Amino acid sequence: MKLATLKNGTRDGKLVVVSRDLTRYTDASFLVPTLQAALDDWRRLAPHLEALAESLEHGSVPSERFHEHDVLSPLPRAYQWADGSAYVNHVELVRKARGAEMPASFWTDPLIYQGGSDSFLGPRDAIRMADEAFGIDMEGEIAVIVDDVAMGASTDAAREAIRLVMLVNDVSLRGLIPGELGKGFGFFQSKPSSAFSPVAVTPDELGEAWDGGKLHLPLNVDYNGQPFGRANAGIDMTFDFPALIAHAAKTRPLAAGTIIGSGTVSNKLDGGPGKPVADGGVGYSCIAEIRMIETIEAGKAATPFMRFGDIVRIEMKDGAGHSIFGAIEQTVERYET
């Protein structure tokens with residue numbers, strides 16, 4: 001089933017079930033008011049939501065036209081947002097571009113950071129920033145929402161806890177990252193509010209593309225109306241979602257509604273860095289990656305970070321070309337106090 005959070009004037013919106021083709025929705029708030037409340041009691045409520053989803057497909061319940069502009073993030077705020085860096089190719093390029101060796105442990109021990117989760121952007125909300133000099137960048141990712149996960153959970157237990165899958169634009173401010181990491185205390189100002197896809201879907205909706213830990217489909221990233229990234233999310237993912245979840249739960253339990261991100265989707269090409277889509281490659285899911293390759297190959301980056309007025313669109317389609325999650329589409333705008 002596909003779930004979304006409709007705007008209703010409150011912080012957390014109201015839960016709706018969306019048709020598989022993303023054209024219609026039906027109100028689910030009579031069963032449970034919000035997605036977080038559904039996740040808190042998933043085993044009891046999920047069968048009722050699934051029955052409602054089937055009724056919607058058969059046209060046997062009232063429905064209205066679904067508009068992606070009318071929704072918040074599936075979870076407008078969450079108890080926890082932890083983002084990994086599962087595509088080690090991306091990390092390797094970052095370090096290579098600045099002449100740093102990559103520790104061998106990066107291939108065996110996942111990287112993860114805890115992001116802000118109190119103010120997620122809606123899928124069509126603007127990215128508002130005070131200064132282009134912050135180095136505004138998009139990061140196309142996959143994320144899962146989990147049920148309660150016990151501290152020290154195994155990867156098998158982590159796999160069983162995955163309830164929903166969605167897309168992410170993990171907005172990053174590249175100009176602020178070096179200074180923050182240089183302090184040795186991690187990201188904060190350099191990781192503003194992220195945006196998530198209009199709908200979150202249960203893994204069964206993904207069919208054979210979902211293997212229990214990875215999503216084997218291209219992530220389409222368009223930049224100012226042109227193809228920018230078509231990397232396959234199931235390729236070159238060093239750590240799958242069960243591994244990321246188990247890593248996050250090593251020393252703490254994870255509450256139902258915790259969101260775990262994959263990090264920037266990134267593919268190699270013939271063992272080396274990728275190529276732009278225009279040159280026959282699968283491109284990139286963030287600007288930083290093409291800048292890294294430019295630096296490695298030409299000694300300096302040529303592609304600028306995002307500027308006011310730039311538009312990013314992130315979407316994933318099934319084998320028949322149908323949108324699965326709806327689209328994240330955001331314009332960069334100047335933030336005025």
- Report yes if L167 is closer than 30 Å to R43 by Cα and buried (at least 23 other Cβ atoms within 10 Å of the Cβ), otherwise no. yes
- Note on the structure: Residues of segment 108-151 being in a strand (DSSP E or B), touching a Leu at 6+ places or on another chain (Cβ under 8 Å) and not charged (D, E, K, R), in sequence order, are I112, I127, M129, I136, G140, I142, A143, V144, I145, V146, V149
- Task: Collect the residues in segment 103-128 that are over 20 Å from the mean Cα position of the chain (by Cα) and either under 17 Å from V71 (Cα atoms) or surrounded by 15 or more Cβ atoms within 10 Å (Cβ to Cβ) (or both), keeping them in residue-number order.
- Result: F106
- From the set of residues in segment 208-221 that are touching a residue at least 60 places away in the same chain (Cβ under 8 Å) and under 15 Å from the mean Cα position of the chain (by Cα), which is most open to solvent (accessible area, probe 1.4 Å)? P218
- Of all residues in segment 298-330 being of a type in the set (D, E) and under 25 Å from E132 (Cβ atoms), the one that is least open to solvent (accessible area, probe 1.4 Å): D310
- Filtered residue count, segment 244-260, keeping only those that are open to solvent by 30 Å² or more (accessible area, probe 1.4 Å) and not in a loop (DSSP other than H, G, I, E, B): 1
- Could you grab me the full set of residues in segment 9-34 that are within 22 Å of F120 (Cα to Cα), more than 24 Å from the chain's Cα centre (by Cα) and loosely packed, with under 15 Cβ neighbours inside 10 Å? G9, S29
- Query: Looking at (1) open to solvent by 40 Å² or more (accessible area, probe 1.4 Å); (2) in a loop (DSSP other than H, G, I, E, B); (3) of a type in the set (V, I, T), which is the one condition that is false for V265?
  - Reply: (1)
- Given the structure, is Y335 of a type in the set (F, W, Y), open to solvent by 60 Å² or more (accessible area, probe 1.4 Å) and in contact (Cβ under 8 Å) with a residue 60 or more places away in the chain? yes
- Query: What pairs come up if the first residue lies in segment 101-113 and is without any contact (Cβ under 8 Å) to a residue 40 or more places away in the chain and closer than 19 Å to D83 by Cβ, the second is of a type in the set (K, R) and surrounded by fewer than 12 Cβ atoms within 10 Å (Cβ to Cβ), and their beta carbons are under 6 Å apart, counting only those six or more places apart or on different chains?
  - Reply: none
- Message: For segment 35-88, give me the residue count where each residue is assigned to a helix (DSSP H, G or I), within 23 Å of the chain's Cα centre (by Cα) and surrounded by 15 or more Cβ atoms within 10 Å (Cβ to Cβ).
- Response: 11
- Item | Residue match in segment 117-139 (condition: under 24 Å from L75 (Cα atoms) and free of Cβ contacts under 8 Å to residues at least 40 places away in the same chain) | no
- Looking across segment 282-297 at residues that are part of a loop (DSSP other than H, G, I, E, B) and of a type in the set (S, T, Y), the single one that is surrounded by the fewest Cβ atoms within 10 Å (Cβ to Cβ) is S285
- Task: Scan segment 153-175 and give yes if some residue there is at pLDDT 95 or above, under 20 Å from G229 (Cα atoms) and of a type in the set (S, T, N, Q), otherwise no.
- Result: yes
- Message: Can you tell me how many residues within segment 277-286 are more than 18 Å from E92 (Cα to Cα) and not hydrophobic (A, V, I, L, M, F, W, C)?
- Response: 3
- All but one of (1) surrounded by fewer than 22 Cβ atoms within 10 Å (Cβ to Cβ); (2) more than 21 Å from Y113 (Cβ to Cβ); (3) β-branched (V, I, T) hold for V199, so report the exception by its number. (1)
- Identify all residues within segment 292-330 that are within 16 Å of F228 (Cβ to Cβ), modelled with pLDDT under 95 and touching a Pro at 6+ places or on another chain (Cβ under 9 Å); write none if there are none. M292, I293
- Taking segment 166-200, which residues are part of a strand (DSSP E or B) and touching a residue at least 60 places away in the same chain (Cβ under 8 Å)? M166, L167, V168, N169, S172, A195, F196, A200
- Note on the structure: Residue pairs qualifying under the 6 Å Cβ cut-off, at least six apart or on distinct chains, with the first in segment 41-61 being of a type in the set (V, I, T) and the second being in a helix (DSSP H, G or I), are V61/S55
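The values are calculated or read from the model by the stated rules, or taken from the named source; none is laboratory data. Everything numeric here is computed off the predicted structure, so don't read it as measured data. Quick reminder, even Gly has a Cβ in these numbers, built from the backbone with ideal geometry, and neighbours come from all protein chains shown. Just so you know, the surface numbers come from the protein's heavy atoms only, side chains and all, with ligands and any DNA or RNA stripped out. Shrake-Rupley method; radii C 1.70, N 1.55, O 1.52, S 1.80 Å.
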